[in-house]
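Written out below as structure tokens is the structure these notes cover.
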């Protein structure tokens, strides 16, 4: 079956790096996504990675994918107060156009 | 990236009534979807809005409760019918662009009393 798991909460000091972890179970995943949801807002696509890649870097964001362990992580360098939000990991499998399986979300709180 | 707008952004409704939510995209997209995010929960796909044919619903969602229209490639509506407090959620429209990127609208926050 499909299941995406994330830790529920992360507290990080401003300026430090944040690492948000996600595990998934469906080995047929093609794309894996990270979305950010700020209070009262919709979902913002942060980045995504294709399943045949190990790493993707985009400015302060680094995505690492361990396909063998079905583990995905998002690292945010130099975390700022504006990074405080809920971060969702999601997977797309080969037979599910548009149907993303989401994790429960990780609440990231950035403290001064 | 596709720009998605939704109307209304929020509403408070009485039980037993219905609300129609509109989704407008600034470009033509083949695939449009409706998701629900219940309070404190993650997102769940309600249905795929198919242009020119009936929507495809996920398990647990039915057309009588969530009728969907998709008259063209830039617009869709979702109606939440005969509402109860359990329908209080954020409803999000989503589109797929380029086969790999999936974007979400700002959401419609619905509270049913």
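Read-outs throughout are calculated quantities, based only on the coordinates presented, and are distinct from any laboratory measurement. Predicted, not measured: the structure shown is a model, and the values here were computed from it. Neighbour counts run over all protein chains shown; Cβ positions are idealised from the backbone, glycine included.
The GNM of chain A, with springs linking C-alpha atoms under 10 angstrom apart, assigns the highest mean-square fluctuation among A:27, A:84, A:51 to A:27.
Taking every Cα-Cα distance in chain B and sorting them into 5 Å bins starting at zero, the pair-distance distribution P(r) comes out as 2, 13, 24, 26, 20, 10, 4, 1, 0 percent.
The orientation-averaged shadow of the Cα convex hull for chain A, equal to a quarter of the hull surface, comes to 6.6 nm². With a 10 Å cut-off around each Cβ of B:29-36, the average count of Cβ atoms from other chains is 2.
Here the range B:14-36 is scanned for amide nitrogen atoms under 18 Å from the site 7 Å beyond the Cα of residue B:54 along Cα-to-Cβ, giving B:34.
On the basis of the beta-carbon distance and an R0 of 22 Å, residue A:28 and residue B:26 show a calculated FRET efficiency of 0.10. Largest GNM mean-square fluctuation among A:21, A:52, A:66, using chain A with Cα springs under 10 Å: A:52. Among beta bridges identified by DSSP and lying wholly in the protein assembly as shown, the antiparallel ones come to about 90 percent. Largest GNM mean-square fluctuation among A:102, A:50, A:88, using chain A with Cα springs under 10 Å: A:50.
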